[in-house]
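**Student:** First the structure, which I've put down as structure tokens, then a few questions once you've had a look.
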Amino acid sequence: MQIVIIGAGVIGLATAWRTAAGGAAVTLVDPAPASGASSVAAGMLTPVSELTYGEEPLLRLGLASRDRYGAFVAELEELTGLETGYRTDGIIEVAFDSDDLRHLDDLRRFQESLGIPVEALTGRECRRLEPMLAPGVRGGLLAPEDGSVDPRRLAPALLAAGERLGVRLVRRRAERIVVENDAAAGVGLDDGTVIRADRVLLAAGPWSGDLGGLPPGTVPPVRPVKGQVIRLRTRTPFLRRPARGLVRGSSVYLVPRADGEIVLGATQEELGFDTRVTAGGLWELLRDARELLPGITELEFAEVTAGLRPGSPDNAPVMGPTALPGLLVGTGHFRNGVLLTPVSADILSAMLLDGPVPEVAGPFAPDRFSPEVSA
């Protein structure tokens, strides 16, 4: 079977690897692999800490993916010899004031009602776990089963894994879907080349709806959501595990790496395809981080970046066959792309290969946005 995957972020890369492992001939099309949101993301593996009310299907998907990560990374690192920065230290979430603490307390009760392990912490217990936290931190939660991975290491490892299994990388821009006999039959590139395919997977993030040749309404609307991120460096231990904080209702997170890097993020801005780094966005991140960790102002400033997350109308992934036979989509992962990489690769490769699809995929089919289903 000939498969073409458009988009080489972590979702496209992991799906290419898994699909090639299933015996298909896979071509991956992207002019700049792993240069989008995957290169900006912090890599928190937090289905619990990211949980909000009414998102139980997304929670189940996130838990299924987090629980796959250990075996997924072990297989990937053994195959390629490359490290991914995978860590399972848990994640601490802390509250700056009493209103923030009430929000965390509500979140804890909701998590416990779903049987998810989470530990309530006093301010003193938070500082015992993370001594650099400010004395005024009111309390927090510990999600002991959450963790992190370094997307800047994960993506090259996924690319190498695919190449070892024969995935062909074409560094060109896909311009159109080739449609023959009312079905997807391949992809047209910006140099005029056509790559024939039995099936095409569209995994191009917020650009997934931009291709020519698509009948109207084939791909659900996916919008870009900007996120600005700061990378800092420290020569001495600063954080033992990823930390998420609520500061007067605003969320900020910090993810430490073994090499001394600390990733601080992230804004969430609905500004179209704007990837400018702004003084205001960086000031908000540093302001809130300093309230929780005053020593952050002493860290070395290393890098600032902005990326575009793909957001669907309900901010949940869109994975599965479209109304155009032969065309599948895998996009809309929003803030959870790195977390959902293992389970998304399992789901999408199974769909491409006509294998058994994990049950957790059910709520994320593209047709949930069609007028008939919405009605």
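**Student:** Which one of these does residue 195 not meet: (1) outside any loop (DSSP other than H, G, I, E, B); (2) farther than 20 Å from residue 24 by Cα?
**Tutor:** Only one criterion in (1) outside any loop (DSSP other than H, G, I, E, B); (2) farther than 20 Å from residue 24 by Cα is unmet by residue 195, namely (2).
**Student:** What strands (runs of 3 or more DSSP E) completely inside the stretch 288-369 contain at least 3 residues that are outside the structural domain of residue 158 (by the TED database) and touching a residue at least 24 places away in the same chain (Cβ under 8 Å)?
**Tutor:** Those strands (runs of 3 or more DSSP E) span 300-311.
**Student:** Go through the stretch 261-290 and report how many residues are of a type in the set (Ser, Thr, Tyr) and either modelled with pLDDT under 95 or under 22 Å from the mean Cα position of the chain (by Cα) (or both).
**Tutor:** The total comes to 2.
**Student:** Another one. Here is a check on your reading of the model: is residue 18 surrounded by 20 or more Cβ atoms within 10 Å (Cβ to Cβ), more than 13 Å from the chain's Cα centre (by Cα) and under 28 Å from residue 363 (Cα atoms)? Steps first, answer last, please.
**Tutor:** On the way: surrounded by 20 or more Cβ atoms within 10 Å (Cβ to Cβ): yes; more than 13 Å from the chain's Cα centre (by Cα): yes; under 28 Å from residue 363 (Cα atoms): yes.
In short, yes.
**Student:** Still on this structure, I have one more. How many of the residues making up the stretch 204-225 are open to solvent by less than 10 Å² (accessible area, probe 1.4 Å) and aliphatic (A, V, I, L, M)?
**Tutor:** Here the count works out to 1.
**Student:** Right, next: Quick one: residue 126 ticks every box in (1) open to solvent by 60 Å² or more (accessible area, probe 1.4 Å); (2) assigned to a helix (DSSP H, G or I); (3) farther than 28 Å from residue 158 by Cα; (4) of a type in the set (A, V, I, L, M, F, W, C) except a single one, so which number is it?
**Tutor:** Failed condition: (1).
**Student:** Out of all the residues in the stretch 78-100, is one or more of a type in the set (Asp, Glu), at pLDDT 95 or above, assigned to a helix (DSSP H, G or I) and not assigned by the TED database to the domain that holds residue 240?
**Tutor:** Yes: the stretch 78-100 contains one or more residues that are of a type in the set (Asp, Glu), at pLDDT 95 or above, assigned to a helix (DSSP H, G or I) and not assigned by the TED database to the domain that holds residue 240.
**Student:** Please enumerate the residues belonging to the stretch 223-260 that are over 20 Å from the mean Cα position of the chain (by Cα) and outside any strand (DSSP E or B).
**Tutor:** Quick first cut of the stretch 223-260, residues over 20 Å from the mean Cα position of the chain (by Cα) only: 232-240, 246-250, 258-260.
Selection gives 234, 235, 236, 237, 238, 239, 240, 248, 249, 258, 259, 260.
**Student:** State all residues of the stretch 165-183 that are touching a residue at least 60 places away in the same chain (Cβ under 8 Å), more than 27 Å from the chain's Cα centre (by Cα) and surrounded by 17 or more Cβ atoms within 10 Å (Cβ to Cβ); if no residue qualifies, say none.
**Tutor:** The one that is touching a residue at least 60 places away in the same chain (Cβ under 8 Å), more than 27 Å from the chain's Cα centre (by Cα) and surrounded by 17 or more Cβ atoms within 10 Å (Cβ to Cβ): 179.
**Student:** Now for a different question. Hey, does the stretch 271-280 have a residue that's open to solvent by less than 50 Å² (accessible area, probe 1.4 Å), outside any loop (DSSP other than H, G, I, E, B) and touching a residue at least 24 places away in the same chain (Cβ under 8 Å)?
**Tutor:** There is no residue in the stretch 271-280 that is open to solvent by less than 50 Å² (accessible area, probe 1.4 Å), outside any loop (DSSP other than H, G, I, E, B) and touching a residue at least 24 places away in the same chain (Cβ under 8 Å).
The values are calculated or read from the model by the stated rules, or taken from the named source; none is laboratory data. On a predicted model such as this, the values are computed, not experimentally measured, just so you know. In this analysis, Cβ positions are derived from the backbone assuming ideal geometry, glycine residues included, and neighbour counts consider all displayed protein chains. Each accessible area value is taken on the protein alone, full model and side chains, heavy atoms only, with ligands, DNA and RNA left out. Shrake-Rupley method; radii C 1.70, N 1.55, O 1.52, S 1.80 Å.
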